[in-house]
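Novice: Sharing a structure here in structure tokens format.
Read-outs: derived from the displayed coordinates by stated rules, not from any lab. Keep in mind that this is a model prediction, so the values were computed, not measured. Methodologically, a virtual Cβ is constructed for each residue, glycine included, from the backbone with ideal geometry; neighbour enumeration extends over all protein chains shown.
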Amino acid sequence: MPMIDPHYSLSGFAVGLLVGMTGVGGGSLMTPILILLFGIHPATAVGTDLLYAAATKTGGSLVHGLARSIDWRVVRRLASGSIPATGVTLAVLSHFNLDGEAASGLITLVLSIALFLTAFVLVFGGPIVKLYRARVSELDPKRTGIITVLVGLLLGVLVSVSSVGAGAIGVVLLVLLYPHLPMAKIVGSDIAHAVPLTLIAGIGHWMMGSVDWHIMTSLLVGSLPGIFVGSYFATRIPERALQLVLATTLFVVASRIAYQHATEASAIFTAFTRRAVP
């Protein structure tokens with residue numbers, strides 16, 4: 001199969017393994033791997049990962065749908081904020097030259113912020129949620145609905161620019177908004193919402209020419225078996241230990257991307273000032 005690159009498939013298997021064991025890490029790891037390990041342009045890495053995520057999350061959404069662990073009311077609220085935000089964000093991105101330095105700098109900046117947030121949520125999300133659930137009994141339904149739409153808007157922007165945000169960040173925000181909703185429904189609703197979000201964002205990136213189908217096919221070939229193997233070992237390895245390892249990895253990766261972004265920005269600024277000053 002000439003279309004399958006074993007290096008990408010192996011990376012897909014490793015990420016799928018972590019996703020199967022922890023439930024998070026798809027976009028948070030795949031996009032940085034494509035950028036840092038394979039040298040893929042940030043725009044292409046994001047666009048490819050979005051369609052890759054849409055494919056993998058569709059399977060998870062079907063499983064949760066059959067188990068009736070999706071609250072479609074929450075999904076509709078999130079989508080009513082995220083889908084318009086995705087459309088607006090893609091429209092703004094379309095005015096950039098996605099192969100240029102400005103688009104690359106914007107994507108790496110948002111990506112590093114999203115990765116830092118994800119790492120923070122993995123480490124401190126559990127204690128924050130426990131404390132919150134112990135103190136908050138019930139929220140105003142109308143206010144909860146409005147805030148859920150705003151959360152969807154935030155996720156739409158983050159995911160469209162960086163492909164990160166629809167996993168750990170979305171789950172924790174939903175837990176804070178719906179403290180009495182079972183965790184299975186929180187996760188199921190987040191995954192179900194991520195399907196149209198990543199699909200629409202991915203199609204938008206494809207129309208702008210920032211999707212590599214060869215890479216995506218190779219990633220899927222490795223990640224789908226990885227998810228199944230990871231799901232099998234999920235109950236056999238301490239989840240907290242895995243989350244801490246994943247959080248540390250994300251922090252290191254985010255720091256590396258932020259440093260790279262700062263270095264490139266400094267070089268651009270230096271070149272600009274040299275041209276501006278006779």
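Novice: Any idea which residue in segment 32-62 is surrounded by the fewest Cβ atoms within 10 Å (Cβ to Cβ), counting only those that are farther than 12 Å from His205 by Cβ and among the β-branched types (Val, Ile, Thr)?
Specialist: The qualifying residue surrounded by the fewest Cβ atoms within 10 Å (Cβ to Cβ) is Thr58.
Novice: Condition first: within 15 Å of Val159 (Cα to Cα) and either in a loop (DSSP other than H, G, I, E, B) or of a type in the set (A, V, I, L, M) (or both). Now tell me which residues in segment 175-210 satisfy that.
Specialist: Ile191, Ala192, Ala194, Val195, Leu197, Leu199, Ile200, Ala201, Ile203, Ser210
Novice: Next up: For segment 57-72, which residues satisfy the criterion of being at positive phi and within 21 Å of the chain's Cα centre (by Cα)?
Specialist: Within segment 57-72, none qualify.
Novice: Against the conditions (1) assigned to a helix (DSSP H, G or I); (2) of a type in the set (A, V, I, L, M); (3) surrounded by 18 or more Cβ atoms within 10 Å (Cβ to Cβ), where does Leu98 fall short? Just the number, please.
Specialist: Of the numbered conditions (1) assigned to a helix (DSSP H, G or I); (2) of a type in the set (A, V, I, L, M); (3) surrounded by 18 or more Cβ atoms within 10 Å (Cβ to Cβ), the odd one out for Leu98 is (1).
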